[in-house]
Amino acid sequence: MQTYPDQIHVKPAIICRLAFQAILLVTLGVILTACKDETTGRTRADATGVYELVMVNGNKVPASVSHDGATLQVRSGTFTINADGTCGTKTVFVPHNGSEMTREVSATYKQDGSKLTMQWKGAGTTVGTIEGKSFTMNNEGMVLVYTK
């Protein structure tokens, strides 16, 4: 084996230890990167609870509104969001020249930050937003605002 004067002799055990340390550092870096929270940066609002209907189309409840070509008075309502991914509404209203009625509907929802996307049973999808203690949704052109 030929030696050169400008080379430093390093024992194989030291080379193995340095290689092991380098592999360990790379492995830890990969593990820490994989465990990093990959959220979109938005905080998830705590949506669960019962919200009271306070406004319909910008009018305080009780409010007269037109919906699907009919005028009706919305007297009250609640919107309940459960931790299990289900939600539902209960609305008390009076159709023109009619008696008071209550309508209850339920949905499943997915939450992304402050946005709630609801899939109604037997119907379509509605998107709502949570801001503090307020929940707002646009349901087929009718803007409903609820507060906790």
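Nothing in this text is a laboratory measurement; each read-out follows from the coordinates by a stated rule. None of these values were measured; they are calculated from a predicted model. So basically every Cβ, Gly included, is an ideal-geometry build from the backbone, and we count neighbours across all protein chains shown.
Give the calculated FRET efficiency between Thr80 and Asn59 to the nearest 0.05, with a Förster radius of 25 Å applied to their Cβ-Cβ distance. Don't jump to the answer; show the numbers that get you there.
Working: r = 23 Å, r/R0 = 0.90.
Using R0 = 25 Å, I get an efficiency of 0.65.
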Extension gain Ser66-Lys110, at 0.36 nm per residue separation less the Cα-Cα distance, in nm? 12.9 nm
Phi-based couplings in Hz for region 85-98 (Karplus 6.51, -1.76, 1.60; Gly and Pro marked x): x, 10, 8, x, 10, 9, 10, 9, 8, 10, x, 4, 6, x
If amide H atoms are built 1.01 Å from N in the plane of the peptide, which residues on other chains or at least 5 residues away come under 5 Å of the amide H of Asn139? Leu144
In sequence order, what are the phi-derived ³J(HN,Hα) couplings for region 111-123 according to the Karplus relation 6.51 cos²θ - 1.76 cosθ + 1.60 with θ = phi - 60°, rounded to whole Hz, with x for glycine and proline? 10, 10, x, 8, 8, 10, 10, 10, 10, 6, 5, x, 8
Sites matching GluC sites (Glu not before Pro) across region 42-148 that sit in DSSP coil, with at most 13 neighbouring C-beta atoms within 10 Å: Glu100, Glu140
For Thr117 and Lys90 in the same chain, what is the full-extension length gain: residue separation times 0.36 nm, less their Cα-Cα distance, in nm? 7.9 nm
Could you give each residue of region 47-59 its phi-based ³J(HN,Hα) in whole Hz, using Karplus coefficients 6.51, -1.76, 1.60 with θ = phi - 60°, and x for Gly or Pro? 8, 4, x, 10, 10, 9, 5, 10, 9, 10, 6, x, 9
